């Protein structure tokens, strides 16, 4: 599987985890929702770190663009982390309505963000100008240290 496909697959996995989490919250299964929240947080955080530490620097090297695109991506990453924290807080307080509101916002942001990355950042990093061997080696090392999912 190509590197670009791995990232896209990871996006879809995060989206599926979010959808499962929403189902648990809607059903009032707080324990399952909490487990789903932890699983999503671990998976999403690992994905965001891989992009920030490895993929975005590759994008900047290949394009020469060190501001703009990656600044926007990083700002969206920060917003996703904030929404995850708010969602976890709502779940911890047993406030399913607030958790569902944060899930909806996170879903919209995650979907829009993922598509931007897939059509711009990933495509550039998969171009012949990118040194994919080094990027692939770094990313595989990063993903090997991903913590086990709890759900």
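Over every Cα atom in the range 47-92, the radius of gyration and the widest Cα-Cα span, Dmax, amount to 13.3, 44 Å.
Over the range 1-70, the ratio between the Cα radius of gyration and 2.2 N^0.38 Å evaluates to 1.41. Counting every pair of alpha carbons in the range 3-144, the share spaced more than 21 Å apart comes to 43 percent.
Using a Förster distance of 30 angstrom, determine the FRET efficiency expected from the C-beta separation of residue 45 and residue 115, and round it to 0.05.
About 0.90, to the nearest 0.05.
From least to most packed, judged by other beta carbons within 10 angstrom and beginning with the fewest, 22, 61 follow the order 61, 22. Taken as Cα centroids, the range 1-48 and the range 97-123 sit 12 Å apart, rounded to the nearest whole angstrom.
Every number here is computed from the coordinates shown, using simple stated rules; none is lab data. None of these values were measured; they are calculated from a predicted model. Neighbour counts run over all protein chains shown; Cβ positions are idealised from the backbone, glycine included.
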